[in-house]
Amino acid sequence: MDILEVGAHPFLGEAGALKVRFGVYLPDITFAKGYEVLVRVIHKADQFTPEIPPQDYCLNCRDEHPYDLWETTVELAPHADLPSHFGKPGIYLYRYQLRRHSRVVTLWFTDPFARETGVGELAAFRTPDTEAPFAWSDAEFKVPALDDLVVYELQVDEFNDDFAGVIEQLDYLEGLGVNCLELMPITSVRHEFDWGYGPLHFWAPEERYGGRQAFKQLVDACHARSIAVILDSVYEHVEDNFPYARVYRDSGEPNPIIGPFGEGAFGTQIDFAQAFAREYFLECNRYWLREYHVDGFRYDYVPGMYDGPLGQGYAKLVYDTYNDSLGDPQLAARFKDPAGFSRIIQCAEHLPDPRGILRQTFSNCAWQNELMNKVEEMAAHRYVDDRFAHLLDTRLIGYPHTRDAGGVAMPVAPFQYFETHDHSRLIARYGLLPPLGGQGDIQYGDRRNFFKLQPFAIALYTCQGIPMLWQGQELAENYTLPGGGNLRISFRRDIRWEYFYDEPGRALVRLYRILAKLRRRHPALRSRDSYYFNEHSRPADGVIAYLRQSPAQAAVVCLNFSDSPREIWLPFPRGGIYREQIDAAAPDPAYDIQVAAAGDFHKVVIPANYGRIYLIEQ
């Protein structure tokens, strides 16, 4: 597969003539079988002018090509008798038609390799003189180490409208300690608004968000701040009108991507047993890494494409992508760790077995819902138990810390979170407001309970693993999510930035910002060394405590989930002065604990629905 053969590639020919080369792979669909393929092209400025027709061009089939390449090169000559924009600089829209023996088989289908798109199912290209090559400034950027990551999941539309809107909020995100953005699907979809989990295009940033240049500007701006960018990639299934689903459904020819599975749990399922499917998605990864400088991928619904550690599906995709990130000097400069492994972020959403996917594949991180499920249950039933503390220690609950990667130990870790796009807001578990008119099935949690979220936030920034925030949780966003149906994925839930200024939002953002600085500043809070004070904690009273330590630091973390202040007596692990970090903005003896010798017990008083972090430097 050569991606330079496919897609639309405009160029200037002799005497400045505007030309474009089209190419599309259609395995088993050949001229010898009586098929014909044409491309219909129109200037975007003429799209809705009925007097100006699009232009049709026939493609030629290279039957000897292993993937049956259809291609043509045409000149976009101006209309002599119409006042159209055709032949002039700008953006052009196009789509393909499949015929057999002069009869239409598929009326229209978009380009499966489109690098740009229009509205709905239209592919697009722009003439060479309309856009200067993007000037990257991120040559010095290195992907942060895995243990240093703090991830923020966001949906571009809902977060701040478009790619430029995300750039506007990078100062805000930095203040939360974020150094990795996980973007929900950003490729073109059919509908005006959609979360993007029914993919139609795989190679083009959504034009409504600003398109190619705007996305490059976002990645470049993030890299300037040492923030990595990863894409939520949906490779397990496709939208019904995805070209390789639609064309082969219409023609009855053997499908090179869908295969025998047909409909899966979330849509038309990809068959990774087929070489064409494997190459298609590997080349897609390579394109995003090179063309857009992204730093990795969060793979949606991995169970649907995982056929074992030696299989042809998910395991091979992440293995090949990993090796590519080291084998290409352009990529290795961004990804190669001094120890020799690649820091490329490959995060598996394999909820049934996140531990196994980290042990058995070249994923270096994974979504896992265990902590979130526990937090939701604790909030709903108003309790705390030892299991919650155990889930903050990834080593204790069986997660590997490294895996072999060609003779070097590559760190691996799960994401830790208590809110994601797939679930209702945590605050809704503490009580709902009366339904609002005109909001369909959506109900809202009572944000006056924002203080209940504080000990969870402290736990998130002091746990082992990779903390992840879902957009707006730091503002006490409070909507609920339907269990299914279109309202779940097609109803905008824009962040209400006005929450930043009210009492719940101000209080929570203040805490998040303090915790962000603490995790960034203190290695003990990012370490892989924890100890739960199980004999001294009192979950029945809502109080737990644990130790986080590195060779140079020790941090004692105390959490109180109850509605009353609590006391706890703890053995401090080292002698010296322990200073409370959350509320001690300046040195204050009232926040200090003087420990004479290792193992001495001292009393800690924890405010209601809050926590304390006592830290000592060695």
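If you take the residues of region 143-192 that are in contact with a Ser or Thr (Cβ under 8 Å, 6 or more places away or on another chain) and surrounded by fewer than 16 Cβ atoms within 10 Å (Cβ to Cβ), which of them is farthest from Y512 (Cα to Cα)?
The extreme case among them is H191.
Taking W70 and the conditions (1) free of Cβ contacts under 8 Å to residues at least 40 places away in the same chain; (2) touching a Cys at 6+ places or on another chain (Cβ under 9 Å); (3) of a type in the set (F, W, Y), which numbered condition does it fall short on, given that it satisfies the others?
Every listed condition holds for W70 apart from (1).
Rundown of residues vs (1) of a type in the set (F, W, Y); (2) surrounded by fewer than 23 Cβ atoms within 10 Å (Cβ to Cβ); (3) in contact (Cβ under 8 Å) with a residue 60 or more places away in the chain, yes/no style:
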position: A275; (1), (2), (3): no, yes, no
position: R298; (1), (2), (3): no, no, yes
position: Y301; (1), (2), (3): yes, yes, yes
position: P309; (1), (2), (3): no, yes, no
position: Q312; (1), (2), (3): no, yes, no
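Hey, among the residues in region 86-102 that are of a type in the set (F, W, Y), over 18 Å from R249 (Cα atoms) and within 34 Å of the chain's Cα centre (by Cα), which one's surrounded by the most Cβ atoms within 10 Å (Cβ to Cβ)?
Y92
Looking only at region 571-616, filter to residues that are among the charged types (D, E, K, R) and exposed (fewer than 13 other Cβ atoms within 10 Å of the Cβ); which one of those is modelled with the lowest pLDDT?
Checked region 571-616; the qualifying residue modelled with the lowest pLDDT is D588.
Among the candidates L518, L475, which residue alone is within 30 Å of W195 (Cβ to Cβ), in contact with a helix residue (DSSP H, G or I) (Cβ under 7 Å, 6 or more places away or on another chain), surrounded by 17 or more Cβ atoms within 10 Å (Cβ to Cβ) and at pLDDT 95 or above?
None of the other options fit; the residue is L475.
Go through (1) more than 27 Å from P199 (Cβ to Cβ); (2) in contact with a helix residue (DSSP H, G or I) (Cβ under 8 Å, 6 or more places away or on another chain); (3) modelled with pLDDT under 95; (4) not polar (S, T, N, Q) and name the single condition D81 misses.
Failed condition: (2).
How many of the residues making up region 512-532 are outside any helix (DSSP H, G or I) and out of contact with any Cys (no Cβ under 9 Å at 6 or more places or on another chain)?
Qualifying residue count for the region: 6.
Are there strands (runs of 3 or more DSSP E) fully within region 332-430 with at least 3 residues that are more than 21 Å from the chain's Cα centre (by Cα) and surrounded by fewer than 19 Cβ atoms within 10 Å (Cβ to Cβ)? List them.
Result: 402-405.
Of all residues in region 121-143 being among the polar types (S, T, N, Q) and part of a loop (DSSP other than H, G, I, E, B), which is nearest to L289 (Cα to Cα)?
Only one residue tops the list, namely S137.
For region 151-202, enumerate the residues that are touching a Leu at 6+ places or on another chain (Cβ under 9 Å), assigned to a loop (DSSP other than H, G, I, E, B) and of a type in the set (A, V, I, L, M).
Once the filter is applied, which keeps residues that are touching a Leu at 6+ places or on another chain (Cβ under 9 Å), assigned to a loop (DSSP other than H, G, I, E, B) and of a type in the set (A, V, I, L, M), region 151-202 yields L176, V178, M184, I186, V189.
Which number in (1) within 18 Å of the chain's Cα centre (by Cα); (2) at pLDDT below 95 marks the one condition that A132 misses?
With (1) within 18 Å of the chain's Cα centre (by Cα); (2) at pLDDT below 95 applied to A132, the lone miss is (1).
The values are calculated or read from the model by the stated rules, or taken from the named source; none is laboratory data. The model shown is predicted, which means the values in this text are computed figures rather than measured ones. Counting neighbours? That spans all protein chains shown, and the Cβs are built from the backbone with ideal geometry, glycine included.
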